[in-house]
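Read the structure below first, then the notes.
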Amino acid sequence: MHSAILSAILFGMSPVACKVFVGQIPTTLLAGLLYLGSGLGLTWVVLRQPTPFYNVLRSLSRRQWATLVGAIVAGGVAAPLFMAYGILSGTATEVSLLLNFETVATTLLAWMIFHEYIGYQVWIGKILIIGASLLVVITGSDGVHVSIPGLSVLAACILWGIDNNLTRELETLPASLLACMKGWSAGIFNVLLFLILFRSPVTAVQVSRALIIGALSYGASLVLFIHALREIGSARTSTWFAAGPFFGTILSVIVLGERPPGAYWVAAPLMLSGMFFLYRELHRHSHRHESLIHSHPHEHDEHHNHEHGDGANGVKHDHSHEHKPITHSHVHWPDIHHRHIH
C-alpha cells in the first residue's frame, strides 16, 4: 500500500512540474524525454543488481516476451503521447483529476481478463470515479463542452490500464529492470518520432528539466508501482494510486494559481470516495495453494516457511523455492500467491 501511495505522489506531481519547469514543447518530445529520463535514472540501479540483466532476459519465455512487448507498446509508447497532449493542451487540474480514470481501466481489465476478485465496495468507488471523470470532461469555464485534452488523458489511462495488467504477469523480472526497459524503449521511440516529424526549437534547459522530472515521476514512481502490483494486485494498487492526482490538483491550485470550475470541486470528493471504500474492504475465505516452484523477493511468512543455512531467514531475499500444497483461510489480496478464481 505504501509503495502505491508514494508512487502516486511522484507521478501526480508531473503535470504541474512540466508546466512550471519545462513549458511548451512538442507532445512527442515531452513524452520521449519523460520516459528517457526514467530509463537513464534506472540504468545505474540495473547495473548494480547481483544478477546481470542479460541473464534475466535470457530466462524469459516467448509468452513473457510477448507480454513485455505489449506492456511497453501500450504503456510506454502510446499512452505517453496521449498524456503529453493532455498536459500541453489542458489545465493541470483537469489532467490531475482525470488520471484517476486509470484505476477504473485497470480494475475492469483485471476483472474481465485475469478474473481478479473485486469486492462491492471497490465497485462503488469505481462507479463514482467514472461519474466524476465524465463531469470533468464535459465541464468547462465557458459552459458544457467535450474537452479534447480530457479525452486524450482518458485514452492514456486506458492504455496504462492495459500496461498495468500485463506488467503484473511479469513477476520474474526485477521491477527496476522492467521500468528501465520501458523508459528506454518509449523514450527512444518518441524522441525519434519528434526528430522525424518536427523541427521546433527546444533549449537544453527544457531537455534537462524534462529528463529530471521523468527520472522521478516516471522512473522511481514506476518501480514503486510495480512492487505494489506484485503485493496487492492490479485493482487495489491502481485505487491507492488515485492519491497522486489529488496531490497534483492541490499543487496546480497553489503553484499555478489555477481556478478550476465549480464542477471540479464536486468531482474531486466523488473520486476520493474510491479510496475510502477500498480502505474498508477485507477479503477473506478458505482457499487452496497448489504446489509451485518459482523465484521472487520474499520474507519468511506462512507462505514461505522454508529453511536456510545462510542466515537469510529474517531478511528479504530472492531465490528459487517450492510451495507445498496448503489449504487455509486468512485476509489476502491478489498478489502472486493469491490469483485464484472466485
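No value in this document is a laboratory result; all are computed from the given coordinates. What you see is a predicted model, and the numbers here were worked out from it, not measured in a lab. Positions of Cβ are generated from backbone atoms using ideal geometry, with glycine treated the same way; all protein chains shown enter the neighbour counts.
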query: Say each of T203 and H300 gets a label point 7 Å from the Cα, pointing the same way as Cα to Cβ; how far apart are those two points in nm?
result: 5.8
field: Centre separation in Å (Cα based) which lies between the stretch 94-170 and the stretch 39-79
entry: 26
- request: Considering the convex hull of the alpha carbon atoms of the stretch 80-119, report its projected area averaged over all viewing directions, in nm², one decimal.
  value: 3.5
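What does the extension gain come out to for L47 and S89, with contour length at 0.36 nm per residue minus their alpha carbon separation?
Fully extending the segment from L47 to S89 adds 11.4 nm.
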query: Which parts of the stretch 163-179 would a label at I113 reach, counting a residue when its backbone N lies under 16 Å from a point 7 Å out along Cα-to-Cβ?
result: 163-171
task: Kindly give Rg over Rh for the stretch 1-137, based on alpha-carbon atoms, with the Kirkwood expression for the hydrodynamic radius.
output: 1.00
task: First check a/c for the stretch 106-196, with a ≥ b ≥ c the square roots of the eigenvalues of its C-alpha gyration tensor; if it is under 1.5, answer rounded, and if not, answer prolate when a/b is larger than b/c or oblate otherwise.
output: oblate
query: Under a plain spin-label model, where a point goes 7 Å from the Cα along Cα-to-Cβ, how far apart in nm are K324 and A66?
result: 3.7
query: Which FRET efficiency value, to the nearest 0.05, is calculated for S59 and I188 with the Förster distance at 25 angstrom and r the Cβ-Cβ distance?
result: 0.55
message: Can you give me the distance in nm between label points at V266 and W123, each placed 7 Å from the Cα along the Cα-to-Cβ direction?
response: 2.6
